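Input: a single structure, listed below in C-alpha cells.
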C-alpha cells in the first residue's frame, strides 16, 4: 500500500472520528439541556457527598445551582430527617452491634458498601430562607428562637439515586453519586387529606349511630328527674339539689348529642340572600354574656346581601362567639367587625373579624382547633369549631385564626360574593 492510499485511509478515519466527536458533543449538549430544564432536581455528588452538579430545578427551593456546588448534600436536608436517611436507619442489617450515637450517623449517600442505590427514599428538604434562618440562629446560640422551622411549610421529596464507580488496578473505586429528586409535596398533602376525609366519614357514621342510641335514655332520665322534682313536697333541699345536678348533666349531654348529630349529618344548604350584619346582631342578642365582657361592633353598613343558609350561619357565629366569651372568664372585650374586600378581579367577599381579649390559644394547638374531638376545655365536646369550619367550607368561604397566649384570639371569616 503506497503513501497516497495510507493518507486517504487516515483522512477517512479522521473524518469519521471528527463526525463522531461532533455527534457526541451535540448529544452531550442535548443531554445537558434536558437535564438543566428537567422539572425534577437532578444532581451529582463526589465521593465525599459534595455537589458537583445540580440543575435549575433547585431554584424551586430558593437556591441557585452555584449556591450548592462544593457544599455537602446534607445542607438541604431538614434537621428532623437527617436520622431517617442515615445508613443506620436504612441499612438496618448493617447496624453496628454496639449501637451508634445520633451525632455519629453516617448519611445514606456516604456509605462505602453495597451498590449505593436508593429507591423512593422520602425526605424533607429545607428552602433557602429556612436554611439561612436556622444557620443564623445556631450561630448566635439561639437555635429555634429566630425561626421555628417545624411550624413552617413542609416540602417533601422522593429521592432515587445510584453510585458511580471506576474500575482500576485496585478494583472497584467509588467516585460519586447521581440521583433524581422529585417533589411529592402535593401528593403527600392529597394523601393526608384523603386519609383525614376517610377518618371523618367513619367518625360521622359512628357519631350519628351513638347519638340516636343516646337520645332515648337521655329523654327517660330527663322526664324521670322532672317528675321526681314535681313530686317532691317536703322541700328537701339536698334531694332537690341532686335532681338539679341530674337535670344540668342531662342538658349538657343533650348538647353533646346535638353536636354529634350536626357533625354526622351533611345537611344541604338552603340558600337565600341575607344581611350578615343583621344576623350577627341577632346572634349577639341571644347569647348569654357575662356582664364583665364589653361588646363592640364595627359594621360596614354598605355590605351587600350574601347568599347563604341563615340557620347554619347563625350556628357558626354562635359557636365562635360562645367560645370567645368562655375564653374571657375574668371579663374582657369582644370586637366584631365586618367589611367588603376584593378577593380578585372577578370576586368580592365579605370579611368578618371576631376578636376577643381572652386567654388565647397555645401555638401547638392552633393547627388542631378545627379537628373533631379536639378540645382544651374540661367540658368541651371538640365539635364546635369543627362544625364552624364545615359550615364555612360548604359556603365556599375560608376561615383563619390568629392567637397569642394571654392576649386573645381573632377569627377571620371570609364569605365570597360572585359579582355576576
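Bear in mind that the values in this text are calculations on the coordinates, not laboratory data. The model shown is predicted, which means the values in this text are computed figures rather than measured ones. Cβ: placed from backbone, ideal geometry, glycine included. Neighbour counts: every protein chain shown.
Numbers at a glance
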{"read-out": "Residues 72, 395 arranged by fewest to most Cβ contacts within 10 Å", "value": "72, 395"}
{"read-out": "Inter-site label distance for residue 167 and residue 295 at 7 Å from Cα along Cβ, in nm", "value": "8.5 nm"}
{"read-out": "Difference of contour (0.36 nm per residue) and Cα-Cα distance, residue 329 to residue 270", "value": "17.7 nm"}
{"read-out": "Label-point gap, in nm, between residue 34 and residue 305 - each point 7 angstrom along Cα→Cβ", "value": "6.3 nm"}
{"read-out": "Potential extension, residue 71-residue 371 segment - 0.36 nm per residue separation minus Cα distance", "value": "103.8 nm"}
{"read-out": "Relative exposure of 299, 281, judged by other C-beta atoms within 10 Å (fewest first)", "value": "281, 299"}
{"read-out": "Rounded FRET efficiency, nearest 0.05, which uses the C-beta distance separating residue 82 from residue 254 and R0 of 41 Å", "value": "0.20"}
{"read-out": "Theoretical FRET efficiency, 1/(1+(r/R0)^6), r = Cβ-Cβ of residue 120 and residue 244, R0 41 Å, to 0.05", "value": "0.05"}
{"read-out": "Taking 388, 257 and counting other C-beta atoms within 10 Å, the order from fewest to most", "value": "257, 388"}
